[in-house]
């Protein structure tokens with residue numbers, strides 16, 4: 001008997017682009033600690049756990065791991081998926097594999113939907129940008145999932161008819177909207193009913209649309225496409241209420257959406273995918289439990305949108321409220337006015353800044369469009385197609401050969417070097433002008449938030465590139481931005497925020513040369529070195545040191561990988577201890593002049609005439625000089641740590657010495673029940689933390705770990721100390737993973753397996769809970785795929801491997817239930 005009840009769970013997985021527009025690198029975000037940045041934070045809490053979702057017994061033993069993406073409908077924003085591909089290849093591949101497997105489950109229809117490229121509010125975009133967003137979104141999907149998308153997710157589900165027309169034109173079959181975006185509906189007449197008068201439109205406002213089946217919308221251009229309106233009430237309980245507390249709650253909520261009918265029906269919900277683990281801790285596990293229970297339920301089938309649409313074509317037609325969205329009760333006002341919709345707002349705060357922010361960006365966009373249309377026509381006739389194809393350059397390895405081939409393909413004639421630079425600068429103007437409209441910039445409560453600063457940074461990059469074409473628009477931009485009043489008194493307005501947080505990010509070839517020059521004292525760069533989105537070619541370089549003083553002289557060519565802009569520099573850097581740097585730099589003159597200056601500077605340094613050297617630097621390379629403050633933040637912190645390394649080593653030696661020297665005093669205090677003086681407590685606790693770190697940082701043999709760890713922990717306990725191993729966790733985890741990998745590479749080795757068991761037992765003695773997440777994933781996959789094969793070998797059966805594997809499963813709490 002064919003089932004007529006179906007459930008579809010959709011997750012909208014998305015983070016805004018967060019990369020520095022000049023470096024294309026996501027810099028450290030302290031607010032995301034302990035993670036490096038917010039992408040990493042959400043990845044650890046949501047994206048990765050959903051690919052290895054645990055199903056546990058009540059005692060916490062893992063009995064199964066499933067890839068949630070294999071069983072739910074989902075879309076990933078292209079910008080976050082690019083980041084996952086770059087930094088977490090294993091999880092990226094599991095997401096792609098989940099879509100492939102879902103095609104087998106659901107009659108050739110994959111779970112993944114495309115998304116408009118960088119989450120622009122489409123009704124507020126001009127027509128060109130709507131095409132850009134949709135075409136880049138489709139290109140990204142096809143590149144990753146190796147198939148054409150059937151559906152596309154609109155940012156915030158914000159919709160208008162023009163957007164739907166473009167979706168349909170580009171081959172998209174459906175999109176998903178909120179029930180509150182439905183205006184009216186009526187039944188579609190069947191072929192037998194064509195002579196009958198069409199039924200009247202029924203009011204669907206206030207979310208009164210029936211979400212259990214698809215609808216057709218007839219578009220102004222004569223075409224039509226399908227719409228799904230998700231179940232708003234159930235989705236709300238999942239996203240914001242207690243439904244994700246446990247799987248039974250979730251299943252009960254989903255089943256509450258069905259009605260008594262013989263007609264096919266699909267209960268489907270849509271929420272931020274981050275609900276499953278980031279917004280709701282362990283939401284990924286709740287989802288996994290629910291999926292497994294639903295798969296075993298004989299009353300329903302899991303399904304995705306494409307499969308349901310094929311099985312049950314729409315029988316109803318719908319009209320929508322244009323300029324509406326799923327997260328603003330006022331349509332799309334959240335992205336242009338103080339409508340009252342906000343997140344994390346403080347008492348007395350307003351969002352009056354939203355309108356001038358949009359006005360300022362619109363001014364910039366229009367100026368960018370004008371120069372793009374004007375200048376690009378000089379190079380090629382199809383100025384829209386060239387930008388649409390530019391997606392593939394941006395998402396390639398961005399080599400010089402790829403760029404040259406791209407220019408040859410699209411340009412009507414061969415371009416000289418300056419024209420090629422202008423060609424790519426125009427494309428970058430348009431790309432950044434799209435990125436600056438990412439919706440998160442307006443979503444929250446304050447203009448100084450990191451999301452709004454991010455879109456202002458993209459605006460800054462557009463402004464900088466426009467100056468290359470003699471378009472001076474920054475002052476007009478800031479005049480409008482000054483009207484965007486901040487809720488934080490000391491920040492005043494958008495202009496102040498731009499000057500404080502965005503202007504320091506501005507980067508050009510000269511600043512990149514300075515960064516390279518200073519960091520080269522601590523790095524061994526190659527002849528051609530990629531640094532962020534630049535390439536540095538070393539023409540000549542020499543480095544020397546005298547005691548704590550370091551010195552280098554060099555000649556380099558700096559090239560922007562994005563625009564192919566290029567310049568040659570000569571420089572010298574003096575580091576005379578701690579944070580004291582003097583970097584002098586100027587445009588390269590000639591080899592002969594450079595050689596004379598280099599020899600003169602090196603001779604002065606080698607004679608230890610530092611005062612003369614500083615004066616000589618100013619004489620030979622200019623009075624302007626640069627310091628550690630001119631290094632980009634990530635490397636600035638790295639250099640500080642390197643500079644402090646020797647100081648920290650000396651401090652460690654002193655602490656260890658004090659702990660050892662006063663050992664008898666500590667023992668006496670313990671014996672006589674006298675409190676140990678606080679400085680000695682600090683010295684001893686720090687020392688023992690370092691001792692434990694040392695055990696796991698080298699090649700300590702596993703058989704020695706348990707007695708050594710036990711001895712130290714007993715001593716700590718006896719003396720009444722406590723230790724915090726937070727800083728040591730990465731070292732300990734790395735030791736375990738190295739030990740496990742040795743065994744995985746040689747699964748018939750009793751010795752390697754025994755060493756891993758001993759290491760795991762030693763770690764379990766520690767007073768800090770160690771995350772075994774990666775280890776559990778590795779061991780689960782190993783046990784699920786190789787344990788049975790191992791046990792079928794006589795030599796394995798006769799060895800200690802079966803007993804040792806049993807210990808591993810007990811220690812990691814893994815007990816795979818065979819189906």
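Within the stretch 379-393, the residues that satisfy the criterion of being without any contact (Cβ under 8 Å) to a residue 40 or more places away in the chain and either loosely packed, with under 15 Cβ neighbours inside 10 Å or farther than 22 Å from residue 564 by Cα (or both) are 381, 382, 385. Considering (1) over 11 Å from the mean Cα position of the chain (by Cα); (2) farther than 21 Å from residue 455 by Cβ, the lone condition that residue 22 does not fulfil carries the number (2). Could you check the stretch 603-623 and list, in sequence order, the residues that are over 46 Å from the mean Cα position of the chain (by Cα) and part of a loop (DSSP other than H, G, I, E, B)? Those that are over 46 Å from the mean Cα position of the chain (by Cα) and part of a loop (DSSP other than H, G, I, E, B): 607, 608, 609.
Restricting attention to the stretch 293-313, which residues are surrounded by fewer than 16 Cβ atoms within 10 Å (Cβ to Cβ) and closer than 21 Å to residue 239 by Cα? If the condition is that a residue be surrounded by fewer than 16 Cβ atoms within 10 Å (Cβ to Cβ) and closer than 21 Å to residue 239 by Cα, then 293 is the only one that fits. Checked against (1) surrounded by fewer than 17 Cβ atoms within 10 Å (Cβ to Cβ); (2) over 20 Å from the mean Cα position of the chain (by Cα); (3) modelled with pLDDT of 95 or more, residue 402 passes all but a single condition, namely (3). Screening the candidates 210, 262, 203 for the property of being surrounded by 13 or more Cβ atoms within 10 Å (Cβ to Cβ), out of contact with any helix residue (DSSP H, G or I) (no Cβ under 6 Å at 6 or more places or on another chain), more than 17 Å from residue 325 (Cα to Cα) and in the same structural domain as residue 282 (by TED's automatic domain parsing) yields one hit, 210. Just one residue in the set 519, 535, 529 is touching a helix residue (DSSP H, G or I) at 6+ places or on another chain (Cβ under 8 Å), outside the structural domain of residue 349 (by TED's automatic domain parsing), more than 13 Å from residue 630 (Cα to Cα) and in contact (Cβ under 8 Å) with a residue 12 or more places away in the chain; that residue is 529.
Being under 30 Å from residue 211 (Cα atoms), part of a helix (DSSP H, G or I) and either touching a strand residue (DSSP E or B) at 6+ places or on another chain (Cβ under 6 Å) or in contact (Cβ under 8 Å) with a residue 40 or more places away in the chain (or both) is the requirement here; does residue 364 meet it? Taking the combined requirement at face value, the residue does not satisfy it. Going by what's in this entry, would residue 257 be described as in the same structural domain as residue 169 (by TED's automatic domain parsing) and at pLDDT 95 or above? Against the criterion (in the same structural domain as residue 169 (by TED's automatic domain parsing) and at pLDDT 95 or above), residue 257 qualifies. Is the stretch 112-119 home to any residue that is outside the structural domain of residue 439 (by TED's automatic domain parsing), over 20 Å from residue 139 (Cα atoms) and crowded, with 22+ Cβ neighbours inside 10 Å? Scanning the stretch 112-119 turns up no residue that is outside the structural domain of residue 439 (by TED's automatic domain parsing), over 20 Å from residue 139 (Cα atoms) and crowded, with 22+ Cβ neighbours inside 10 Å.
Restricted to the stretch 419-510, the set of helices (runs of 4 or more DSSP H) holding at least 1 residues that are within 28 Å of the chain's Cα centre (by Cα) comprises 440-443, 450-467, 494-497. Residues in the stretch 797-814 that are in a loop (DSSP other than H, G, I, E, B) and out of contact with any helix residue (DSSP H, G or I) (no Cβ under 6 Å at 6 or more places or on another chain): 798, 813. Any idea which residue in the stretch 42-82 is farthest from residue 113 (Cα to Cα), counting only those that are out of contact with any helix residue (DSSP H, G or I) (no Cβ under 6 Å at 6 or more places or on another chain) and assigned to a loop (DSSP other than H, G, I, E, B)? Here the answer is 59. Regarding the stretch 727-742, can at least one residue be identified that is modelled with pLDDT under 90 and more than 38 Å from the chain's Cα centre (by Cα)? No, the stretch 727-742 contains no residue that is modelled with pLDDT under 90 and more than 38 Å from the chain's Cα centre (by Cα).
Residues in the stretch 129-153 that are in contact with a strand residue (DSSP E or B) (Cβ under 6 Å, 6 or more places away or on another chain) and either crowded, with 22+ Cβ neighbours inside 10 Å or touching a residue at least 60 places away in the same chain (Cβ under 8 Å) (or both): 133, 137, 138, 141, 149, 151, 152, 153. Does residue 322 satisfy being assigned by TED's automatic domain parsing to the domain that holds residue 69, in a helix (DSSP H, G or I) and either surrounded by fewer than 19 Cβ atoms within 10 Å (Cβ to Cβ) or under 25 Å from the mean Cα position of the chain (by Cα) (or both)? In short, no. Screening 676, 681, 666 for residues that are assigned to a loop (DSSP other than H, G, I, E, B) and touching a residue at least 12 places away in the same chain (Cβ under 8 Å) leaves exactly one candidate, 676. For the stretch 209-294, which fully contained strands (runs of 3 or more DSSP E) count at least 3 residues that are in contact (Cβ under 8 Å) with a residue 60 or more places away in the chain and under 26 Å from the mean Cα position of the chain (by Cα)? So the answer is 265-272.
Residue check: is residue 452 at pLDDT 95 or above and surrounded by fewer than 21 Cβ atoms within 10 Å (Cβ to Cβ)? Considered against the rule, which asks whether it is at pLDDT 95 or above and surrounded by fewer than 21 Cβ atoms within 10 Å (Cβ to Cβ), residue 452 comes out as no.
The values are calculated or read from the model by the stated rules, or taken from the named source; none is laboratory data. Keep in mind that what you see is a predicted model, and the values were worked out from it rather than measured. Neighbour counts run over all protein chains shown; Cβ positions are idealised from the backbone, glycine included.
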